[in-house]
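Each value in this text was obtained by applying a stated rule to the coordinates, not by laboratory testing. Computed from a prediction, not measured in an experiment: that's the story for all the values here. Counting neighbours? That spans all protein chains shown, and the Cβs are built from the backbone with ideal geometry, glycine included.
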Amino acid sequence: MSEQGFLTTHILDTARGVPAAGVAIELFRLGPDGRDMVGAAVTNSDGRTDTPLIAKGELTVGTYELVFHIGAYFKGHAPDSDHPFIDIVPVRFGIDDASSHYHVPLLASPFGYSTYRGS
């Protein structure tokens, strides 16, 4: 029997070399009528959410968007800037196998970011 699919994320502050704690995250599912909010969370001290963004067995095929509110985090760690260069980071991705674990991490600094499908 295959594992039931689910979605997780984490954020690493690559400028400081630490997990990014206290970052607000929103998750949307995109459809023909726009986007619907699936959930929201805030990262813990390990830069992860306390529970999966989509629990095991609740993942469905489709297009999703994670919205990372990283600017507020960097403003708190770079008080000399009232306007962080990186603010809100949207990441759109597709789910084509509802039985898999999808992990979408964000590697971020005040001046750039990257993402990938993790494990």
Query raised in the report: How far is it, in nm, from the label point at Thr14 to the one at Ser109 when both lie 7 Å from their Cα along the line to the Cβ?
Result: 0.7
Query raised in the report: Picking from Gly22, Ala40, Ile88, whose Cα lies most toward the positive end of the charge dipole for the stretch 6-107 (charges on Cβ: Lys, Arg +1; Asp, Glu -1)?
Result: Gly22
Query raised in the report: Which chymotrypsin sites (Phe, Trp or Tyr not before Pro) in the stretch 8-102 pass both tests, a DSSP loop state and at most 13 other beta-carbon atoms within 10 Å?
Result: Phe85
Query raised in the report: What's the local net charge at His10, with K and R +1, D and E -1, over the other residues with C-beta under 10 Å away?
Result: 0
**Report entry** Size of charge dipole - the chain - debye, nearest 20, with Cβ of Lys, Arg +1 and Asp, Glu -1, no other charges
**Finding:** 160
Report task. Tell me the GluC sites (Glu not before Pro) within the stretch 12-119 that lie in a loop according to DSSP and have at most 15 other beta-carbon atoms within 10 Å. Result -> Glu58
Query - trypsin sites (Lys or Arg not before Pro) lying in DSSP loop within the stretch 72-119, provided at most 12 other Cβ fall within 10 Å - result: Arg117
Query raised in the report: What share of the DSSP beta bridges in the chain is antiparallel, in percent to the nearest 5?
Result: 85
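If the chain between Asp50 and His77 were fully stretched, how many nm would it gain, using 0.36 nm times the residue separation less the Cα-Cα distance?
Details: separation 27, 0.36 × 27 = 9.72 nm, distance 2.26 nm.
Full extension from Asp50 to His77 adds 7.5 nm.
Quickly estimate the mean residue ellipticity at 222 nm for the chain, helices only: each DSSP H run with n ≥ 4 gives -39500 (n - 2.57), and the total goes over all residues, rounded to 500. Write out the running numbers ahead of the final one.
Details: 1 runs with 8 residues, N = 119.
When only DSSP H runs of four or more count, the value is -2000 deg cm²/dmol.
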Report task. Would you kindly derive the ³J(HN,Hα) couplings of the stretch 21-27 from the backbone phi angles with the Karplus curve 6.51 cos²θ - 1.76 cosθ + 1.60 (θ = phi - 60°), listing them in order in whole Hz, with x for Gly and Pro? Result -> 8, x, 8, 6, 10, 10, 10
